[in-house]
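Worksheet for the structure shown next.
FYI, it's all coordinate maths here, none of it is from the lab. Note that this is a predicted model, so its numbers are computed, not measured. Note: ideal-geometry Cβ built from the backbone for every residue, glycine included; neighbour counts use all protein chains shown.
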Ligand SMILES: Nc1ncnc2c1ncn2[C@@H]1O[C@H](COP(=O)(O)OP(=O)(O)O)[C@@H](O)[C@H]1O
Ligand SMILES: [Mg+2]
C-alpha cells in the first residue's frame, strides 16, 4: 500500500458541479484518486459517470469547482487536450473506424507528444499485449473489429501515451463475460505496473472485485465513497440499483 | 482515333489544374467540414503576388514557391479569423459556405483595385511546346501535369504515412476523439487550409500562364473542380483527383465534338446523370462511418 498521507492524490475533484444547459449532471462532487489506486465509480445510467470522467481527464471544464492533478489545480488548456499523464478510454471506445489498428495506436503516442522512434517502440510493446487477431493483422480497419477487440484496442491506444493515470469509461458495455474478463485482466496488469486506474461502470461485479476504493454516484451526487467490501458498501450498491448480481 | 487520343492527352493536361483544385477542396472539407469557395481566388491572389515578385526581379521558380506560401498563409488566416470562430454545428456548414463565397468576392474586388482588372500576361514556369502523340502541348501544361502528379503523390504519402496526416484523417472522422488523445485539432485545421490553398496556388499559377492573369480567372476552373469533386465524391481524395482529370477530358471532348459554346452545359449534364446513378460519387461515402 502506498502512503496516501504524503503523496498528493493523482486526481481530485473538489466541489465539482456541471450543467449541460438546464441538466445538472454533477452536483458538488468531491473525490480523491490516490496515486497507484484502483478506484471504481459506479452509478446507473445518467448518474454522471461520463461527465466526471471527462472533467477529471481535463477535457471538460466544469461549471464550477476545481480539478487537481498531482496537487496542482488544472487550468483549462489552449487546445483542450487531456491533462499530461492522464489518458481517457472514452465511453463507446471512439476508435477511428476508417483507420487501421496500427494507425489508431500510433495516434495515441503522437497525441501525447512522443517522438516517432519512441512511438514505434511503444507500438511494438502495446501490440504484444493485444489479442492475436490484432497482432497478426495491424493493418485492419478498426471498424471491422469485434466489440472485444475494439475495447482492447481502445485501451491500447490510451496506454500508447504511457499515462500515469488511466480513466476508463464503461469498458464492459456490450461485451460477453469472457471478454470482460480479458479487459479486467489487462487493467489489473496495468495497475500492478503502477498505473493509477479510475474506472466508471454500471456493472458492479468486476469493478468491486478489482478496486481499492468505490465511489457511488446517484443523479450527480456522491452517495458513497469508501471500501468496496462490507455491509455499508452492499447497502449503498442496493440503494443505487447497481449490480445486484455482485451480492 | 488520333483525334480522340489527342483530345484525351490535352484533356488530362487541362484536368491537372482541376484535379489540384479539387484535391484542395476535399482536404479542407474533410478536415474542417468547410466547403471553401474562396480557394480559387486565394490561388489567384497568390499568383498576383508571384507576378509582382517576378516584376521585382525574383526568378520564376522562386515566385512559384512564393505563390504556394502566400496562398497557404492566406488560407490559414481565413480559417483562423473567419471559420474557426463559428465553432461547430450543422447549420454552421451553410454559414461557412456563405462566408467563403463572400471572402472570394472581396478578394476579387481587392485584386481588381490593387492590380487592375485588365488581363496581364503571365510567364510560364517552363516555356516552349512539345509534340505528344502528334499533339502540340505547351511545356507549361506538361509541367502542370507533372507538378499535379507530384503534389498528389506528396498528399497521398502525407495522409498515408505521416503521423500528422494520419491525425488529420482521424480528426476528420471524430474531432472529439482526436482531442481526447491530445491531438491539436486547431493545428490540424491550419495545416489542412495551408495544403488546400497551396495546391490551389499551383493550379492558378499554371492556368495564368496558359492564358493570362486577371482577378476573375478562377471562376471557370473552380466550377469544373467542383464538378470533379462531386464526380469523385466529396470525401475521397483519390476520387477528387480522378474526377478533376475526368472533367478535363470530358470538357475537351464535349467542346470538340459537340460545341465549344455548350461545354459547361454538357459537362454538367453528365455530372447530373452520374449523381443520379451514384449520389455519393464514384469513390465517396455519403455519411462518414460511425462505429
Ligand atoms: N452533451 C450533453 N448534453 C446534455 N445533457 C447531457 C450531455 N451529456 C450528458 N448529459 C446528461 O447529463 C447527465 C449525466 O450524463 P452522463 O455523465 O453521461 O452519465 P452516465 O455516464 O453515468 O450515464 C444525464 O442526465 C445526461 O442526460
Ligand atoms: Mg456514461
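Please work out if residue A:108 is within 9 Å of chain B (Cβ to nearest Cβ), exposed (fewer than 14 other Cβ atoms within 10 Å of the Cβ) and within 24 Å of residue A:198 (Cβ to Cβ). Steps first, answer last, please.
On the way: within 9 Å of chain B (Cβ to nearest Cβ): yes; exposed (fewer than 14 other Cβ atoms within 10 Å of the Cβ): no; within 24 Å of residue A:198 (Cβ to Cβ): yes.
Taking the combined requirement at face value, the residue does not satisfy it.
Residues in the stretch A:83-105 that are at positive phi and either crowded, with 24+ Cβ neighbours inside 10 Å or more than 8 Å from chain B (Cβ to nearest Cβ) (or both): how many? Step through it out loud before you land on a result.
Looking only at the stretch A:83-105, we keep the residues that are at positive phi, and these are A:85, A:92-94.
Filter again for either crowded, with 24+ Cβ neighbours inside 10 Å or more than 8 Å from chain B (Cβ to nearest Cβ) (or both), leaving A:85, A:92-93.
Selection size over the stretch A:83-105: 3.
How many residues does the stretch A:11-39 hold that are within 14 Å of ligand 2 (Cβ to nearest atom) and buried (at least 17 other Cβ atoms within 10 Å of the Cβ)? Give the derivation first.
Initially, the stretch A:11-39 is screened for residues within 14 Å of ligand 2 (Cβ to nearest atom), giving A:18, A:20, A:23, A:25-26.
Next, from what is left, pick out any that are buried (at least 17 other Cβ atoms within 10 Å of the Cβ): A:18, A:25-26.
Count: 3.
With buried (at least 19 other Cβ atoms within 10 Å of the Cβ), part of a helix (DSSP H, G or I) and without any contact (Cβ under 8 Å) to a residue 24 or more places away in the chain as the only criterion, which of B:99, B:83 stands out? Full working, then the answer.
Numbers: B:83 fails: without any contact (Cβ under 8 Å) to a residue 24 or more places away in the chain.
On inspection, the qualifying residue turns out to be B:99.
Please give the helices (runs of 4 or more DSSP H) falling wholly within the stretch B:126-240 in which 3 or more residues are out of contact with any helix residue (DSSP H, G or I) (no Cβ under 8 Å at 6 or more places or on another chain) and away from every other protein chain (no Cβ under 14 Å).
Numbers: elements: B:139-161, B:163-173, B:175-180, B:185-210, B:219-232.
Fully inside the stretch B:126-240 and qualifying: B:139-161.
Give B:26, B:70 a once-over and let me know the one that is assigned to a helix (DSSP H, G or I) and surrounded by fewer than 24 Cβ atoms within 10 Å (Cβ to Cβ). It would help to see each step written out before you state the result.
Values: B:26 fails: surrounded by fewer than 24 Cβ atoms within 10 Å (Cβ to Cβ).
On inspection, the qualifying residue turns out to be B:70.
What residue, among those in the stretch B:241-264 that are in a helix (DSSP H, G or I) and over 21 Å from the mean Cα position of the chain (by Cα), is farthest from residue B:219 (Cα to Cα)?
Of the stretch B:241-264, the ones in a helix (DSSP H, G or I) are B:241-257, B:260-264.
Okay, now just the ones that are also over 21 Å from the mean Cα position of the chain (by Cα), so B:253-257, B:260-262.
Numbers: B:253: 21, B:254: 19, B:255: 18, B:256: 22, B:257: 24, B:260: 17, B:261: 16, B:262: 17 Å.
The selected residue is B:257.
From (1) within 11 Å of chain B (Cβ to nearest Cβ); (2) touching a strand residue (DSSP E or B) at 6+ places or on another chain (Cβ under 7 Å), pick out the condition that doesn't hold for residue A:145.
Checking residue A:145 against (1) within 11 Å of chain B (Cβ to nearest Cβ); (2) touching a strand residue (DSSP E or B) at 6+ places or on another chain (Cβ under 7 Å), the one that fails is (2).
I need a count of the residues in the stretch B:29-67 that are surrounded by fewer than 17 Cβ atoms within 10 Å (Cβ to Cβ) and outside any helix (DSSP H, G or I).
Residues in the stretch B:29-67 being surrounded by fewer than 17 Cβ atoms within 10 Å (Cβ to Cβ) and outside any helix (DSSP H, G or I): 4 in total.
State all residues of the stretch B:102-125 that are in a helix (DSSP H, G or I) and surrounded by fewer than 17 Cβ atoms within 10 Å (Cβ to Cβ); if no residue qualifies, say none. Before the answer, list the steps.
From the stretch B:102-125, those in a helix (DSSP H, G or I) are B:102-115; that's our starting set.
Correct list: B:102, B:105, B:106, B:109, B:110, B:112, B:113, B:114.
Filtering the stretch A:166-204 down to residues that are buried (at least 18 other Cβ atoms within 10 Å of the Cβ) and within 14 Å of chain B (Cβ to nearest Cβ), which residue is nearest to ligand 1 (Cβ to nearest atom)?
A:169
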